[in-house]
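Only one structure is covered here, and it is reproduced in the block below.
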Protein chains: 2
Amino acid sequence: MTRNNIIGVPTITDIEEAYERINGQVKRTPVLSSESINRILGAQIFFKCENFQKVGAFKFRGASNAVLSLSEQEASKGVATHSSGNHAAALALAAALRGIPAHVVMPNNSPLIKRRAVEGYGARITYCNPTQQDREETLAKVQMRTGSAFVHPYDNTRVICGQGTAAMELLQEVNNLNTVIVPIGGGGLMSGTTIYVKGASSAIKVFGAEPRNADDAFRSLRDNTLHPSVNPATIADGLLTSLSPLTFKIVAGLSNGILTVSENDIVDAMRMIWERMKIIVEPSAAVPLAAVMANPDKFKDQRIGIILTGGNVDLDKLPFGKSLATL
Amino acid sequence: MTRNNIIGVPTITDIEEAYERINGQVKRTPVLSSESINRILGAQIFFKCENFQKVGAFKFRGASNAVLSLSEQEASKGVATHSSGNHAAALALAAALRGIPAHVVMPNNSPLIKRRAVEGYGARITYCNPTQQDREETLAKVQMRTGSAFVHPYDNTRVICGQGTAAMELLQEVNNLNTVIVPIGGGGLMSGTTIYVKGASSAIKVFGAEPRNADDAFRSLRDNTLHPSVNPATIADGLLTSLSPLTFKIVAGLSNGILTVSENDIVDAMRMIWERMKIIVEPSAAVPLAAVMANPDKFKDQRIGIILTGGNVDLDKLPFGKSLATL
């Protein structure tokens, strides 16, 4: 085992400790393979099924680690975040399981289905205008009023370490992987995965996979400068966010780089997983498989681990049998 | 253990022998549960996931048992059937794995997606007009020309015994079931399931679940007379067929009866499985859960086994977010 030595960055030991902390609360998800997908792609792919995780996404790992790491005194005042997606639901459930309040700041144009999911886990929602400024100001007010601890969706070492436990379970179950690929949005999962995998074996390559229409991570690594995500327009709605300085440092310093894919590639990969494996994944989760499909020579005959990040889709708005332009 | 004593009907021993025969070829599918479904319905439900079976349906069990039961001489001439659904694909794959020809008679108006599935497993398709008479005459001609053995989709003891192995695996894995529910169309799965479950423990109830719009089994058991299915119109397209004299005898003689459900119940149950379990099942597979949802008092606090029969849906034609009238 090697240790990364970037100052302020968690190590594999921190992820192992996170695993001990959340182990009883987080579901150990299965690793599935499909003979027909392997035959079509000429590679051995091992899918870590976080779509079966509680709240339907890997985000429950990071949120659980953040909530369970709080002292009794910190915890008593609750936790807060701004998010309209899987992180908000994950934090709400993790807080409910510890018996503490969760405060979620959400844009007032969030889809009803997402509000209901967060409310269903018992969180208190405060609505804001859908601008970054109002979101941050509203969150600051909520924290001031409640004294709650802010749990950022990815710019948080506890969250990063929790996300890294998915790769830890994958490597416990599958030997001799050549490559691990995960979707990259804000970089929390990618950071935790890279730290764990490189800490366990520097021979395993780790790639992030990203929609070409939201390629801030690709551009940031290429230019060695943190670029924000500008007007991203992708079906992979979990990958709209920008890297933070912390996740940029980890991903640029330790990973093997970023692969980008088209919107059509994403829908084709999602359809392949649905049809061949009979499991439901959200578009963001299909991005790593899309990267394998788009780079057949690069990955031929390899043993590849992919984290299927989530399964939360609105069944009334599926991308099949429609033109992408109408989505 | 008890033995049924209806003349000409297979016994639990025949199913155990079928299991030994097909064990190396058929996938042992997982049994999954959902905490949220159990909480909503106030019962413990154990789903045997034959949607993950090879060809995406339990039909591969019966087809495998039929093909592997043939003598070398019989097998050399191949197998034949008329079907446009999962049985045709299952027989095609089972024949391909034994290295023998499969002949499938299919109506010339079958959807392209079904033709491709059967062709993809290497079967030779003969098209007929979409009438029962032309189907049977065309099959007779194919058999005459090739000498192939007819494997009926359900009116066949080898097929029935193969289908019964799904319940056998379910009971191996889950103790103390109160009830087992399976969809009923032609009655092959229901017959094999009833024989196995009642043979293993007469205390376990076995119900068939059927769309109200295709309720020939319900009417047949009620009147103790075999009624054909007349103009069935249901989204559960695997359940359009009528019982045969053999399956009627088994189901009427040994099971605890038939539960019928509405089309809306079927779509609601299918949605619940997709959303809560993140797995893909076809409408027919959701019919038993629909029966539990429609009869909450009957099944309260019970341990219920359900066979999820298949996962083959056309993703371009899903029932969500649409009026049922447009399907």
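The values are calculated or read from the model by the stated rules, or taken from the named source; none is laboratory data. Since the structure is predicted, the reported quantities are computational estimates derived from the model, not experimental observations. A quick note on method: Cβ atoms are made from the backbone with ideal geometry, for glycine too, and the neighbour counts reach across all protein chains shown. What goes into the accessible areas is simple: the full protein's heavy atoms, side chains included, and nothing from ligands, DNA or RNA. Shrake-Rupley method; radii C 1.70, N 1.55, O 1.52, S 1.80 Å.
For the reader, a short list of remarks on this structure follows.
- Selection from the stretch A:29-48 of residues that are away from every other protein chain (no Cβ under 14 Å) and open to solvent by less than 20 Å² (accessible area, probe 1.4 Å): A:A43, A:I45
- Hey, A:S148 modelled with pLDDT of 95 or more and surrounded by fewer than 17 Cβ atoms within 10 Å (Cβ to Cβ) or not: no
- At least 2 residues being within 14 Å of another protein chain (Cβ to nearest Cβ) is the threshold, and among the helices (runs of 4 or more DSSP H) wholly inside the stretch B:212-327 those reaching it are B:263-272.
- A:N51 within 20 Å of the chain's Cα centre (by Cα), in the same structural domain as A:P283 (by TED's automatic domain parsing) and surrounded by fewer than 19 Cβ atoms within 10 Å (Cβ to Cβ): no
- Residue in the stretch B:12-23 that is within 14 Å of chain A (Cβ to nearest Cβ) and either modelled with pLDDT under 95 or closer than 27 Å to B:A203 by Cβ (or both) present: no
- Filter pass, B:R219 being under 23 Å from B:L170 (Cβ atoms) and surrounded by fewer than 21 Cβ atoms within 10 Å (Cβ to Cβ): no
- Each residue in the stretch B:10-55 was checked for being charged (D, E, K, R) and part of a loop (DSSP other than H, G, I, E, B), and 2 of them qualify.
- Restricting attention to the stretch B:56-96, the residues being in contact (Cβ under 8 Å) with a residue 24 or more places away in the chain, assigned to a helix (DSSP H, G or I) and within 25 Å of B:T13 (Cα to Cα) number 18.
- If you go through the stretch B:179-209 and keep only what is in a strand (DSSP E or B), farther than 18 Å from B:K59 by Cβ and not hydrophobic (A, V, I, L, M, F, W, C), you end up with B:T179, B:K205.
To keep it simple, each residue is scored yes or no on (1) crowded, with 21+ Cβ neighbours inside 10 Å; (2) modelled with pLDDT under 95; (3) within 30 Å of A:L315 (Cβ to Cβ).
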{"residue": "A:A102", "(1), (2), (3)": "yes, no, yes"}
{"residue": "A:N109", "(1), (2), (3)": "no, yes, yes"}
{"residue": "A:G122", "(1), (2), (3)": "no, yes, yes"}
{"residue": "A:Q143", "(1), (2), (3)": "no, no, no"}
{"residue": "A:Q163", "(1), (2), (3)": "yes, no, yes"}
{"residue": "A:M190", "(1), (2), (3)": "yes, no, yes"}
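- Applying the criterion of being open to solvent by less than 60 Å² (accessible area, probe 1.4 Å) and in a strand (DSSP E or B) to the residues of the stretch B:124-141, the residue that is nearest to B:L240 (Cα to Cα) is B:C128.
- Of all residue pairs spaced 6 or more apart or on separate chains, those with beta-carbon atoms under 6 Å, a first member in the stretch B:196-210 that is assigned by TED's automatic domain parsing to the domain that holds B:K298 and among the small types (G, A, S) and a second member that is open to solvent by 10 Å² or more (accessible area, probe 1.4 Å) and modelled with pLDDT under 95 are B:G199/B:M1; B:S202/B:T2.
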